[in-house]
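In what follows, a structure is listed as structure tokens, so that the remarks can point back to it.
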Amino acid sequence: MNIVIVGLSHKTAPIDIREKVAFSPTAMEEPLHQVLALPAVSEAVIVSTCNRVELYVISRQTDAAITEIKKFLADFHNLDLEILERHLYDFEGVAAIQHALRVASSLDSMMIGEPQILGQIKTAYGYACEYKTVGLILNRFMNKAFSVAKRVRNETAIASNAVSVSFAAVELARKIFDSLENKTVMLIGAGEMCELAAKHFVNNGVSKVLVTNRTFSRAEKLAKEFDGIAVSFDNFREQLHRVDIVLSSTGAPAYILDAKKLKQVCKERRYKPMFLIDIAVPRDIDPAANKLDSIYLYDVDDLQGVVQANLKERQKEASKAELIINEEVVQFQNWLATLEVKPTIVALRQQMEQVRQTEMEKTLSSLKALSDKERKAIESMTSAIVNKILHHPTHVLKQTSTGDDSSLYLDTVRTLFDLPGLAEQKTHPKK
Amino acid sequence: MGTMALLFSITTLIYLVASILYLVAMISKRPRAGQIGRWVLVVGIILHASHFAVRHSTAGGTPVTSLHESLSFFAWCLVLLFLLLDLRFRLSVMGAFVAPLAFVVMIFSACSPDVVIELNPVLKSWLFPVHITLAFLGNAAFALSFGAGVMYLIQYRMLKSKRFTRVYQLLPSLDILDKVNYTCLSIGFPLMTLGIISGAFWANTAWGTYWRWDPKETWALITWGLYAAQLHGRLTIGWRGRKAAIFSIIAFIFLLFTFLGVNLLLGGYHTFESFTVL
């Protein structure tokens with residue numbers, strides 16, 4: 001039993017390929033069943049996000065499974081297999097386990113440490129459960145991936161620093177004000193980034209939102225969204241002394257706030273700190289204002305700088321995460337190996353028991369004169385012989401189950417005793 | 001080694017352990033180490049206090065008559081106040097400054113001759129321990145406000161220059177640092193005021209005058225004036241943040257001079273030798 005992964009991601013395929021290979025989340029039943037119907041495949045999960053499409057399957061014949069899945073992907077999406085193959089990667093065994101754990105822990109993401117991927121894989125697993133395409137191994141494996149992702153998140157600082165501009169702004173505000181409770185935000189102008197940042201501020205405790213816009217109706221509309229107050233553009237400056245955080249993104253060609261005005265505002269605020277975020281290009285706020293003691297002025301580039309620094313920090317944390325993953329890969333591989341050993345041992349015992357029963361019947365039918373006691377003695381003697389013979393081979397199989405040559409021993413045993421192949425012993429619901 | 005000396009050595013060692021724990025917490029980002037460091041410090045001040053108790057019972061009187069004792073007592077005040085502040089603001093980063101400082105002060109204390117000076121009978125009064133304790137606690141509070149001030153200025157620089165180094169990540173927010181500064185100021189100022197007043201009363205019982213313009217008295221008054229000005233500025237004009245931080249740093253330099261410099265450079269009756277001579 002092997003875990004096999006075939007797929008492509010932002011690292012191997014451009015967007016125009018990725019969008020063609022993506023599966024629609026509303027129609028997962030069909031592809032899942034088609035994959036499960038492939039001869040070499042016994043369990044399947046399909047992960048499809050905007051940055052990656054990956055098929056996780058369980059198979060006994062890995063090479064066949066890889067070929068079949070590649071063909072399936074091309075056929076299903078009506079693509080030329082030869083072109084598609086250039087962008088596809090495949091993993092099997094330990095490499096597959098490692099890859100999946102890295103993906104779930106967001107180490108393979110475009111933005112390392114971003115939290116969405118885990119949710120997306122959970123959704124993918126949800127579909128697979130719903131359409132019953134997962135069995136013993138993938139069930140265990142997917143849950144393992146979730147717990148490893150959680151462990152990575154808890155034990156490393158991989159997701160602790162903001163890597164989006166709007167989150168970076170919230171983080172900076174926390175370094176200035178500590179808590180955002182009872183703080184007031186003013187939005188000047190309306191830009192997507194501004195609104196997003198405002199949302200983050202509100203989610204992090206900011207209680208009051210003021211909105212101003214050259215077009216007052218737009219200010220009113222946006223104010224409604226945040227349960228805030230619309231202020232007319234002509235006198236928003238008079239409200240500034242009440243504001244702790246300013247988010248500005250107007251299309252104005254020149255500064256709408258100069259340092260002189262802000263100096264006055266500082267005085268009115270009794271020098272309580274003020275955090276100004278100028279997302280506009282060209283800028284809205286005179287950069288000279290940053291020289292004022294209680295003014296902290298950040299423009300787009302400054303925020304990008306924060307994001308870059310945080311990304312670097314994440315990369316450092318990622319190497320810690322790799323260690324955790326390597327540890328978990330070994331653990332899971334060991335579990336997988338014992339999974340193979342148990343059925344072999346059971347089959348071996350059954351085989352021997354059968355031989356014993358048959359031979360016993362043969363012998364006993366010709367020895368009719370035996371008393372019950374004597375019969376019992378022969379019975380236990382034969383059992384003892386079987387047990388004694390099997391004792392050492394069983395021990396060796398268990399011992400080697402976690403080693404590299406585990407499958408060598410298993411194959412040998414199966415061949416020597418003519419045991420049925422494990423392919424017929426299903427781990428999954430495929431009928 | 002007597003119990004007294006043993007307790008002193010163990011306390012010093014414990015401050016060192018706490019310093020290491022706080023530094024580890026800071027450098028390797030293991031907050032757990034800082035939490036352990038806090039409890040180690042708690043053990044430290046308890047042992048330190050028992051050291052003073054033993055000293056008091058063997059030598060009698062208030063154990064702050066030599067430089068050795070003064071430094072040690074100052075370290076104790078510093079750690080005590082830090083732990084109280086930590087209770088309120090959760091400042092384990094500051095522990096990485098306070099614990100090593102306490103350790104260094106203890107080492108200096110250990111290096112200065114450990115003599116129990118018999119206090120001049122004229123000076124024996126219940127006002128002596130009161131005066132000393134108030135003044136030392138006040139000094140410790142100002143030392144912490146100095147620490148908070150330095151941290152504020154560093155964090156301020158980081159935020160203004162938009163350089164986001166490790167230090168930026170580690171230091172608390174400006175708001176917390178400013179609050180610590182203010183809290184220390186509002187604890188330290190009344191303590192210092194009462195310390196000076198009790199000293200004046202004590203002087204009156206000993207020599208019949210409240211104030212003799214001894215160098216220590218003069219410098220203490222100047223320092224007191226600086227802190228008074230800072231408190232006033234904060235309450236009326238809204239001096240906060242950077243200004244307040246700079247002010248506490250400057251005022252602390254004056255305080256340091258009053259506390260140590262005067263004794264070492266200017267003399268007067270506050271010097272340790274003069275306790276017996278007078």
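Within segment A:230-242, can one find any residue that is under 37 Å from the mean Cα position of the chain (by Cα) and farther than 20 Å from residue A:304 by Cα? Let's see the steps before the verdict.
Step one: filter segment A:230-242 for residues under 37 Å from the mean Cα position of the chain (by Cα), giving none.
No, the conditions are met nowhere in segment A:230-242.
Being away from chain B (no Cβ under 11 Å), open to solvent by 20 Å² or more (accessible area, probe 1.4 Å) and either under 30 Å from residue A:324 (Cα atoms) or without any contact (Cβ under 8 Å) to a residue 40 or more places away in the chain (or both) is the filter here, so list the residues in segment A:166-193 that pass it.
Those that are away from chain B (no Cβ under 11 Å), open to solvent by 20 Å² or more (accessible area, probe 1.4 Å) and either under 30 Å from residue A:324 (Cα atoms) or without any contact (Cβ under 8 Å) to a residue 40 or more places away in the chain (or both): A:167, A:181, A:182, A:192.
For segment B:132-150, state whether one or more residues are within 14 Å of chain A (Cβ to nearest Cβ) and at pLDDT 90 or above. Break it down into steps so the answer makes sense when it comes.
Start the filter on segment B:132-150 by keeping residues that are within 14 Å of chain A (Cβ to nearest Cβ), which leaves B:148.
If we keep only those that are at pLDDT 90 or above as well, we get B:148.
Checking segment B:132-150: at least one residue is within 14 Å of chain A (Cβ to nearest Cβ) and at pLDDT 90 or above.
Which residue is least open to solvent (accessible area, probe 1.4 Å), if the candidates are limited to segment A:232-244 and must be in contact with a helix residue (DSSP H, G or I) (Cβ under 8 Å, 6 or more places away or on another chain) and farther than 18 Å from residue A:278 by Cβ?
Among those residues, the one meeting the criterion is A:232.
Within segment B:29-45, does at least one residue satisfy the condition of being of a type in the set (D, E, K, R), surrounded by fewer than 18 Cβ atoms within 10 Å (Cβ to Cβ), out of contact with any Asp or Glu (no Cβ under 7 Å at 6 or more places or on another chain) and on the phi < 0 side of the Ramachandran plot? Step through it out loud before you land on a result.
Filtering segment B:29-45 for residues of a type in the set (D, E, K, R) gives B:29-30, B:32, B:38.
Narrowing the set further to residues that are surrounded by fewer than 18 Cβ atoms within 10 Å (Cβ to Cβ) leaves B:29-30, B:32.
Now restrict to residues that are out of contact with any Asp or Glu (no Cβ under 7 Å at 6 or more places or on another chain): B:29-30, B:32.
So of that shortlist, the ones also on the phi < 0 side of the Ramachandran plot come out as B:30, B:32.
Checking segment B:29-45: at least one residue is of a type in the set (D, E, K, R), surrounded by fewer than 18 Cβ atoms within 10 Å (Cβ to Cβ), out of contact with any Asp or Glu (no Cβ under 7 Å at 6 or more places or on another chain) and on the phi < 0 side of the Ramachandran plot.
Can you pull out the residues in segment A:180-219 that are in a loop (DSSP other than H, G, I, E, B) and under 16 Å from residue A:251 (Cβ atoms)?
Taking segment A:180-219 as the starting set, the residues that turn out to be in a loop (DSSP other than H, G, I, E, B) are A:180-183, A:189-191, A:204-207, A:214-215.
Scanning segment A:180-219 gives A:189, A:190, A:191, A:214, A:215.
Restricting to segment B:224-253, name every residue that is open to solvent by 70 Å² or more (accessible area, probe 1.4 Å) and on the phi > 0 side of the Ramachandran plot.
Passing the criteria: none in range.
Assigned by TED's automatic domain parsing to the domain that holds residue A:136 and either within 22 Å of the chain's Cα centre (by Cα) or modelled with pLDDT of 95 or more (or both): does that describe residue A:82? So that I can check it myself, show each step before the final result.
On the way: assigned by TED's automatic domain parsing to the domain that holds residue A:136: yes; either within 22 Å of the chain's Cα centre (by Cα) or modelled with pLDDT of 95 or more (or both): no.
Here the answer is no, as residue A:82 does not meet what is asked.
Can you pull out every residue in segment B:158-192 that is modelled with pLDDT under 90 and either at positive phi or away from every other protein chain (no Cβ under 14 Å) (or both)?
Hit for segment B:158-192 is B:162, nothing else.
Is there any pair with a first residue in segment A:401-423 that is among the polar types (S, T, N, Q) and a second that is modelled with pLDDT of 70 or more whose Cβ atoms are under 6 Å apart and which are 6 or more apart or on different chains, and what are they?
Sorted first by the residue in segment A:401-423, then by its partner, the pairs are A:401/A:337; A:401/A:338; A:401/A:341; A:402/A:334; A:402/A:337; A:406/A:337; A:406/A:400.
Search segment B:139-195 for residues being farther than 21 Å from residue B:260 by Cα, of a type in the set (A, V, I, L, M, F, W, C) and within 15 Å of the chain's Cα centre (by Cα), and hand back the single one that is surrounded by the most Cβ atoms within 10 Å (Cβ to Cβ).
Out of the qualifying residues, it is B:148.
Applying the selection to segment A:139-165, what residues are more than 12 Å from every other protein chain (Cβ to nearest Cβ), open to solvent by 10 Å² or more (accessible area, probe 1.4 Å) and closer than 30 Å to residue B:32 by Cα?
Here is the first cut: in segment A:139-165, the residues more than 12 Å from every other protein chain (Cβ to nearest Cβ) are A:139-154, A:158-159, A:163-165.
The next check asks that each one be open to solvent by 10 Å² or more (accessible area, probe 1.4 Å); those that pass are A:139-140, A:143-144, A:146-147, A:150-151, A:153-154, A:159, A:163-165.
Residues satisfying the conditions are A:143, A:144, A:146, A:147, A:150, A:151, A:153, A:154, A:159, A:163, A:164.
Let me spell it out: the conditions are (1) surrounded by 18 or more Cβ atoms within 10 Å (Cβ to Cβ); (2) within 14 Å of another protein chain (Cβ to nearest Cβ), and residue A:204 meets all of them except one. Which number is the exception?
Against the list (1) surrounded by 18 or more Cβ atoms within 10 Å (Cβ to Cβ); (2) within 14 Å of another protein chain (Cβ to nearest Cβ), residue A:204 comes up short only on (1).
One line per residue, one yes/no per condition, for (1) at pLDDT 90 or above; (2) surrounded by 23 or more Cβ atoms within 10 Å (Cβ to Cβ); (3) in a helix (DSSP H, G or I):
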{"residue": "B:11", "(1), (2), (3)": "yes, yes, yes"}
{"residue": "B:16", "(1), (2), (3)": "yes, no, yes"}
{"residue": "B:65", "(1), (2), (3)": "no, no, no"}
{"residue": "B:78", "(1), (2), (3)": "yes, yes, yes"}
{"residue": "B:82", "(1), (2), (3)": "yes, yes, yes"}
{"residue": "B:88", "(1), (2), (3)": "no, no, yes"}
{"residue": "B:110", "(1), (2), (3)": "no, no, yes"}
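From the residues in segment B:235-266 that are more than 14 Å from chain A (Cβ to nearest Cβ) and of a type in the set (S, T, N, Q), which one is nearest to residue B:142 (Cα to Cα)? Reasoning before the result, please.
Narrowing segment B:235-266 to residues more than 14 Å from chain A (Cβ to nearest Cβ): B:248-266.
Pick out the ones that are also of a type in the set (S, T, N, Q) and you get B:248, B:258, B:263.
Working: B:248: 8, B:258: 13, B:263: 19 Å.
Looking at the filtered set, the residue picked out is B:248.
Would you check if residue B:113 is more than 14 Å from chain A (Cβ to nearest Cβ) and free of Cβ contacts under 8 Å to residues at least 12 places away in the same chain?
Working: more than 14 Å from chain A (Cβ to nearest Cβ): yes; free of Cβ contacts under 8 Å to residues at least 12 places away in the same chain: no.
For residue B:113, the condition - more than 14 Å from chain A (Cβ to nearest Cβ) and free of Cβ contacts under 8 Å to residues at least 12 places away in the same chain - is not met.
Out of A:206, A:246, A:211, A:231, report the one residue that is assigned by TED's automatic domain parsing to the domain that holds residue A:182, touching a strand residue (DSSP E or B) at 6+ places or on another chain (Cβ under 9 Å), more than 12 Å from residue A:188 (Cα to Cα) and of a type in the set (A, V, I, L, M). Before the answer, list the steps.
Working: A:246 fails: more than 12 Å from residue A:188 (Cα to Cα); A:211 fails: more than 12 Å from residue A:188 (Cα to Cα); A:231 fails: more than 12 Å from residue A:188 (Cα to Cα).
Within the list A:206, A:246, A:211, A:231, the selection yields A:206.
Looking only at segment A:102-118, how many residues end up being among the acidic types (Asp, Glu) and more than 18 Å from residue A:313 (Cα to Cα)?
Looking only at that region, the number is 0.
Could you identify the single residue in A:199, A:261 that is assigned by TED's automatic domain parsing to the domain that holds residue A:296 and within 17 Å of residue A:279 (Cβ to Cβ)?
Values: A:261 fails: within 17 Å of residue A:279 (Cβ to Cβ).
Of A:199, A:261, the one residue that is assigned by TED's automatic domain parsing to the domain that holds residue A:296 and within 17 Å of residue A:279 (Cβ to Cβ) is A:199.
Can you find a residue in segment B:206-223 that is within 14 Å of another protein chain (Cβ to nearest Cβ) and either buried (at least 18 other Cβ atoms within 10 Å of the Cβ) or farther than 24 Å from residue B:72 by Cα (or both)? Give the steps one after another, and end with the answer.
To start, the set of residues in segment B:206-223 that are within 14 Å of another protein chain (Cβ to nearest Cβ) comprises none.
There is no residue in segment B:206-223 that is within 14 Å of another protein chain (Cβ to nearest Cβ) and either buried (at least 18 other Cβ atoms within 10 Å of the Cβ) or farther than 24 Å from residue B:72 by Cα (or both).
Quick check on segment A:280-339: of everything there that is part of a helix (DSSP H, G or I), in contact (Cβ under 8 Å) with a residue 24 or more places away in the chain and of a type in the set (Lys, Arg), which residue is surrounded by the fewest Cβ atoms within 10 Å (Cβ to Cβ)?
Here the residue is A:291.
Give A:229, A:256 a once-over and let me know the one that is without any contact (Cβ under 8 Å) to a residue 40 or more places away in the chain and over 30 Å from residue B:235 (Cα atoms). Steps first, answer last, please.
On the way: A:256 fails: without any contact (Cβ under 8 Å) to a residue 40 or more places away in the chain.
So the residue among A:229, A:256 that is without any contact (Cβ under 8 Å) to a residue 40 or more places away in the chain and over 30 Å from residue B:235 (Cα atoms) is A:229.
Considering only segment A:351-406, how many residues are among the polar types (S, T, N, Q), surrounded by 13 or more Cβ atoms within 10 Å (Cβ to Cβ) and within 30 Å of residue A:94 (Cβ to Cβ)?
Total satisfying the criteria: 5.
Looking only at segment A:24-40, which residues are outside any loop (DSSP other than H, G, I, E, B) and under 14 Å from residue A:73 (Cα atoms)? Break it down into steps so the answer makes sense when it comes.
First pass over segment A:24-40, keeping only residues outside any loop (DSSP other than H, G, I, E, B): A:29-37.
Answer for segment A:24-40, where residues must be outside any loop (DSSP other than H, G, I, E, B) and under 14 Å from residue A:73 (Cα atoms): A:30, A:31, A:32, A:33, A:34, A:35, A:36, A:37.
Have a look at A:141, A:167 and point out the one that is farther than 16 Å from residue A:99 by Cα and in a helix (DSSP H, G or I).
A:167
The values are calculated or read from the model by the stated rules, or taken from the named source; none is laboratory data. Everything numeric here is computed off the predicted structure, so don't read it as measured data. Counting neighbours? That spans all protein chains shown, and the Cβs are built from the backbone with ideal geometry, glycine included. Areas reflect the complete protein model, heavy atoms only, side chains present, ligands, DNA and RNA absent. Shrake-Rupley method; radii C 1.70, N 1.55, O 1.52, S 1.80 Å.
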